[in-house]
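Shown next, in structure tokens, is the structure this report addresses.
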Amino acid sequence: MASNAKFNFKKSITDALADKQLRANFKFATDTLRGKRLAVFSDPEETMHLRKVGNGLKRNVLTKLPQLLEQLEAKCKENGIIVHWAETVDEANNIVLDLMEKHSAHKMVKGKSMVSEEMHLNKFLEDQGKLPLETDLGEYIIQLNNEPPSHIIVPAVHKNRKQIAQIFADNIPGVSYTEDTSELLAIARHKLREHYRTADIGLSGVNFAIAESGTLCLVENEGNGRMCTAVPPVHVALMGLEKVVEKLEDIPPLYRLLCGSATGQRITTYFNMIKGPRKAGEKDGPKEVHLIILDNGRSKILADKQLRQTLQCIRCGTCLNHCPVYTRIGGHAYGSTYPGPIGEILMPQVEGLDKKGSLPTASSLCNACEEVCPVMIPIPNLIRRLRDESYDMDGEGVVKGHGFKKSLVETIVWKGWKLTQVNATCNKLMLLGVQLFGNMLPKVGPLKAWTSVRTSPKFARQSLKDLAKKEGIRNE
Amino acid sequence: MSNTSARENIFARLHASSIAGASYAPVAEKWVPAPIEDKAARVARFVELMSAMRTEVHQVKGDEWVGKLQEIMKERGLKNLVYGQNTEISKKLEAAWKGQKDIAPLVPWTADIEEFRDELFEASAGITTTMGGIAESAAMVLWPSPEEPRLLSLVPPVHFAVVKADKIWTSFAEAIEALDWNAKAPTNALLISGPSKTADIELILQFGVHGPTDLIVFVVD
Ligand code: SF4
């Protein structure tokens with residue numbers, strides 16, 4: 001979703017919570033996905049081993065990221081893939097547009113790509129008079145309805161069958177309302193096949209890019225990714241620079257982790273490994289393959305030893321399914337390309353805490369995300385870190401927009417609190433104050449909000465300290 | 001068109017950001033599924049898991065698959081079969097079709113996709129060889145070639161594939177080694193584990209969304 005300055009997280013949460021249908025759709029979907037994941041990772045010991053391997057592989061990548069990217073670039077070139085670098089989403093968008101212009105391309109078929117969502121590529125191309133068409137069924141549905149994805153793996157998960165039936169009937173000429181999923185599927189298949197056949201250019205994301213061989217790996221079930229990368233004469237692949245992996249032999253464990261975490265599958269229908277454009281003598285495949293490697297803040301994230309763990313993410317989406325906040329408010333409420341726990345740690349680092357600093361507040365720090373993350377990113381720790389940086393008490397933050405929440409009143413309050421904890425007289429005075437007036441505090445401002453969903457505590461007339469002094473400490 | 005300044009800036013930041021020389025010793029070294037030593041067990045596992053994902057698997061001996069193929073084509077009323085010439089299976093196909101009148105025609109893929117596209121999109125079935133199969137994750141390994149282009153396994157609604165029983169390995173990792181994948185992989189290599197599918201509507205599993213609606217595999221012993 002387009003990030004805008006007016007993003008009001010509180011309001012979107014309130015709206016999402018009020019929408020019963022939305023909550024029901026999300027509850028059903030995330031319950032199902034959690035169950036499926038559990039079925040495929042049924043042996044806790046093996047799962048733990050696999051996650052440790054995944055963590056090691058991705059951490060290894062981060063320690064030698066520049067070298068691996070150089071190697072990837074060189075190998076891709078050897079294979080005939082043309083490599084482009086983009087620092088910003090604007091640059092990446094313009095590279096895509098230039099390629100389209102160069103090939104006089106109007107119609108683009110798109111496989112699922114979160115990086116293209118990050119770039120708002122569809123809107124950009126439409127504004128230039130181009131026709132970008134999503135082909136993943138979920139993406140196709142929400143593009144028809146002019147919406148961004150609400151989940152990074154199942155983009156239309158916020159819609160139920162009836163709603164999807166209505167979207168088809170309203171937006172595809174000649175289609176009448178049907179709730180029959182196989183009919184809906186047939187409609188989409190029919191429409192999209194025609195587009196694959198006639199598209200000028202195909203675009204895809206990249207799940208893993210292998211440095212040692214210059215191979216682009218695509219994970220998918222539908223076959224639309226293969227269509228987009230094999231039928232049109234030009235294939236453009238988009239990747240964030242953290243998607244590089246060192247060796248082919250690193251792929252099996254990472255692929256297993258991704259499939260199991262994302263959809264609870266042992267393996268997806270297709271694992272597509274692309275090593276270049278059509279070679280002499282070959283009868284199909286694109287004549288040109290381009291790889292656009294996007295930075296968009298990632299190279300800066302690498303600088304901080306703790307926060308760099310964000311770049312280990314393989315975009316499996318399972319932290320979303322396990323997050324008690326995401327499962328209740330859904331993806332759109334986050335107002336960001338990446339929702340849920342991963343969005344909470346990634347978006348503020350990419351766009352700045354001043355813009356997306358409210359996201360890390362949407363966590364109960366229950367640790368569920370960390371427990372399931374296939375590459376063992378300590379998400380709650382990173383959330384805490386970003387919350388700290390929002391206040392940035394010592395002025396040492398590294399994240400753009402750090403200290404945005406710092407306010408004079410709060411600073412004074414915390415300074416005062418510190419005083420009452422280190423100075424015995426102040427401590428006594430404070431306790432006395434609380435005993436006398438604690439229960440008379442007027443319920444206004446933040447206290448009103450806090451108590452609106454919680455019972456306010458009753459302060460005792462005697463402090464624990466005094467009690468202990470008087471009665472001693474009883475052991476049992 | 002590559003923006004060189006973008007590249008330089010990115011690498012400058014990456015080099016400044018990465019902790020020089022800090023190599024990382026992983027906690028767990030490797031993940032490799034325990035090999036299934038017995039061939040029959042490997043084949044059985046492959047068949048079981050492939051079938052679970054709605055792949056139709058037929059275990060056959062020697063050249064029996066050709067007859068079985070013709071039978072299935074008749075049963076389903078498939079109107080043609082696209083194949084690649086000069087492959088291991090093509091001679092058998094051509095021989096079996098010779099002189100047969102009451103069977104849907106064989107269509108060889110001879111031209112570049114630009115000329116063949118419309119015919120391919122109209123075809124009702126395609127057949128390919130495979131490099132083998134992976135038992136533990138239930139997938140076939142496909143290495144498309146000039147003879148057998150990649151779209152042969154994707155565009156026609158029915159995909160027939162031939163897998164040799166003695167080329168069924170336990171895991172992806174094993175297949176990588178056995179096939180000398182790094183040195184020999186083609187322009188486009190694939191793992192395929194079933195017919196095209198989606199669960200994008202209410203997470204209901206539906207088959208045949210963009211690629212083949214049916215995958216029919218002959219495991220040949
Ligand atoms: S943070 Fe972990 S669980 Fe969440 S999407 Fe990334 S890899 Fe998956």
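Which pairs do you get when a residue that is free of Cβ contacts under 8 Å to residues at least 40 places away in the same chain and at the interface with another protein chain (Cβ under 7 Å from one of its Cβ atoms), found in the range A:248-275, comes within reach of a residue that is within 16 Å of the ligand (Cβ to nearest atom) and assigned to a helix (DSSP H, G or I), reach meaning Cβ atoms under 9 angstrom, with the pair 6+ apart or on two chains?
The qualifying pairs are A:Ile267/A:Tyr255; A:Ile267/A:Arg256; A:Ile267/A:Cys259.
Name the residue that is surrounded by the most Cβ atoms within 10 Å (Cβ to Cβ), counting only residues in the range A:365-374 that are in a loop (DSSP other than H, G, I, E, B) and near the ligand (Cβ under 9 Å from one of its atoms).
Of everything passing the filter in the range A:365-374, A:Pro374 is surrounded by the most Cβ atoms within 10 Å (Cβ to Cβ).
For the structure I just gave you, tell me whether A:Tyr177 is open to solvent by 40 Å² or more (accessible area, probe 1.4 Å) and either of a type in the set (Lys, Arg) or out of contact with any Lys or Arg (no Cβ under 6 Å at 6 or more places or on another chain) (or both).
When the stated conditions are applied, A:Tyr177 passes them.
Kindly indicate which of A:Pro339, A:Pro360, A:Pro348 is more than 13 Å from A:Thr310 (Cβ to Cβ) and buried (at least 19 other Cβ atoms within 10 Å of the Cβ).
Going through A:Pro339, A:Pro360, A:Pro348 in turn, the sole match is A:Pro339.
Basic (Lys, Arg) and away from the ligand (no atom under 16 Å from the Cβ), is that true of A:Arg454?
yes
Given the conditions (1) closer than 29 Å to A:Pro155 by Cβ; (2) surrounded by fewer than 19 Cβ atoms within 10 Å (Cβ to Cβ), and given that B:Leu191 satisfies all but one, which numbered condition is not satisfied?
Exception for B:Leu191: condition (2).
Against the definition (at negative phi, outside any helix (DSSP H, G or I) and basic (Lys, Arg)), how does A:Lys112 come out, yes or no?
Judged against the criteria, A:Lys112 is a match.
Here is a check on your reading of the model: is A:Ser150 open to solvent by less than 10 Å² (accessible area, probe 1.4 Å), out of contact with any strand residue (DSSP E or B) (no Cβ under 8 Å at 6 or more places or on another chain) and over 23 Å from B:Gly211 (Cβ atoms)?
Criteria met by A:Ser150.
Taking the stated definitions as given, is A:Cys426 modelled with pLDDT of 85 or more, assigned to a helix (DSSP H, G or I), more than 22 Å from A:Ala303 (Cβ to Cβ) and more than 16 Å from the ligand (Cβ to nearest atom)?
The answer is yes for A:Cys426.
Here's a check for you: in the range A:197-214, which residue that is among the hydroxyl-bearing types (Ser, Thr, Tyr) and crowded, with 16+ Cβ neighbours inside 10 Å is nearest to the other protein chains (Cβ to nearest Cβ)?
A:Ser213
For (1) touching a strand residue (DSSP E or B) at 6+ places or on another chain (Cβ under 9 Å); (2) at pLDDT 95 or above; (3) within 10 Å of the ligand (Cβ to nearest atom), each residue gets a yes or a no:
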{"position": "A:Gly276", "(1), (2), (3)": "yes, yes, no"}
{"position": "A:His290", "(1), (2), (3)": "yes, yes, no"}
{"position": "A:Leu302", "(1), (2), (3)": "no, no, no"}
{"position": "A:Gln306", "(1), (2), (3)": "no, no, no"}
{"position": "A:Val325", "(1), (2), (3)": "no, yes, no"}
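Just to check your reading of the model, which residue among A:Ile345, A:Ile377 is farther than 20 Å from A:Leu17 by Cβ, part of a helix (DSSP H, G or I), within 13 Å of the ligand (Cβ to nearest atom) and in contact with a helix residue (DSSP H, G or I) (Cβ under 6 Å, 6 or more places away or on another chain)?
A:Ile345
Could you check the range B:157-221 for strands (runs of 3 or more DSSP E) lying wholly inside it with 1 or more residues that are under 30 Å from A:Gly80 (Cβ atoms)?
B:158-164, B:188-192
Which of the residues that make up the range A:186-196 are open to solvent by 10 Å² or more (accessible area, probe 1.4 Å) and either farther than 16 Å from B:Asp118 by Cα or at the interface with chain B (Cβ under 8 Å from one of its Cβ atoms) (or both)?
A:Ala186, A:Ile187, A:Arg189, A:Arg193
Take the residues in the range B:137-149 that are of a type outside the set (S, T, N, Q) and open to solvent by 10 Å² or more (accessible area, probe 1.4 Å); name whichever of them is nearest to the other protein chains (Cβ to nearest Cβ).
Here the residue is B:Pro146.
Out of the range A:291-329, which residues are in contact with a Lys or Arg (Cβ under 7 Å, 6 or more places away or on another chain), over 22 Å from A:Ala39 (Cα atoms), more than 10 Å from chain B (Cβ to nearest Cβ) and open to solvent by 10 Å² or more (accessible area, probe 1.4 Å)?
If the condition is that a residue be in contact with a Lys or Arg (Cβ under 7 Å, 6 or more places away or on another chain), over 22 Å from A:Ala39 (Cα atoms), more than 10 Å from chain B (Cβ to nearest Cβ) and open to solvent by 10 Å² or more (accessible area, probe 1.4 Å), then A:Gln306, A:Arg328 are the ones that fit.
Tally up the residues in the range B:164-194 that are farther than 22 Å from B:Pro146 by Cα, facing chain A (nearest Cβ under 7 Å) and under 14 Å from the mean Cα position of the chain (by Cα), please.
Result for the range B:164-194: 3.
Within the range A:105-112, can one find any residue that is more than 9 Å from chain B (Cβ to nearest Cβ), in contact with a helix residue (DSSP H, G or I) (Cβ under 6 Å, 6 or more places away or on another chain) and small (Gly, Ala, Ser)?
Scanning the range A:105-112, I find at least one residue that is more than 9 Å from chain B (Cβ to nearest Cβ), in contact with a helix residue (DSSP H, G or I) (Cβ under 6 Å, 6 or more places away or on another chain) and small (Gly, Ala, Ser), so the answer is yes.
Does A:Gly416 satisfy the criteria of being free of Cβ contacts under 8 Å to residues at least 12 places away in the same chain and open to solvent by 10 Å² or more (accessible area, probe 1.4 Å)?
When the stated conditions are applied, A:Gly416 passes them.
Can you confirm whether A:Val96 is within 11 Å of another protein chain (Cβ to nearest Cβ), in a strand (DSSP E or B) and open to solvent by less than 30 Å² (accessible area, probe 1.4 Å)?
no
Taking the criterion of being in contact with a helix residue (DSSP H, G or I) (Cβ under 8 Å, 6 or more places away or on another chain), touching a residue at least 12 places away in the same chain (Cβ under 8 Å) and open to solvent by 10 Å² or more (accessible area, probe 1.4 Å), would at least one residue in the range B:211-221 satisfy it?
So far as the range B:211-221 goes, yes, one or more of its residues are in contact with a helix residue (DSSP H, G or I) (Cβ under 8 Å, 6 or more places away or on another chain), touching a residue at least 12 places away in the same chain (Cβ under 8 Å) and open to solvent by 10 Å² or more (accessible area, probe 1.4 Å).
Just give me the residues in the range B:103-136 being open to solvent by less than 10 Å² (accessible area, probe 1.4 Å) and in a loop (DSSP other than H, G, I, E, B), in sequence order.
If the condition is that a residue be open to solvent by less than 10 Å² (accessible area, probe 1.4 Å) and in a loop (DSSP other than H, G, I, E, B), then B:Ala123, B:Ala135 are the ones that fit.
So that you can scan it fast, the table gives a plain yes or no per residue for (1) within 16 Å of the ligand (Cβ to nearest atom); (2) at negative phi:
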residue	(1), (2)
A:Gly357	no, yes
A:Leu382	yes, yes
A:Glu389	no, yes
A:Asp392	no, no
A:Glu396	no, yes
A:Ser407	no, yes
A:Met430	no, yes
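Could we say that A:Thr337 is within 14 Å of chain B (Cβ to nearest Cβ), on the phi < 0 side of the Ramachandran plot and within 16 Å of the ligand (Cβ to nearest atom) here?
no
Is it the case that the range A:127-139 has a residue that's more than 23 Å from A:Ala209 (Cα to Cα), open to solvent by 20 Å² or more (accessible area, probe 1.4 Å), touching a residue at least 40 places away in the same chain (Cβ under 8 Å) and within 11 Å of chain B (Cβ to nearest Cβ)?
No: zero hits.
Mind checking which residues of the range B:41-96 are small (Gly, Ala, Ser), more than 19 Å from B:Pro212 (Cβ to Cβ) and assigned to a helix (DSSP H, G or I)?
Correct list: B:Ala41, B:Ala44, B:Gly67, B:Ser90, B:Ala95, B:Ala96.
The values are calculated or read from the model by the stated rules, or taken from the named source; none is laboratory data. The model shown is predicted, which means the values in this text are computed figures rather than measured ones. Backbone-built Cβ (ideal geometry, glycine too); neighbour counts: all protein chains shown. With ligands, DNA and RNA removed, areas are computed over all heavy atoms of the protein, side chains included. Shrake-Rupley method; radii C 1.70, N 1.55, O 1.52, S 1.80 Å.
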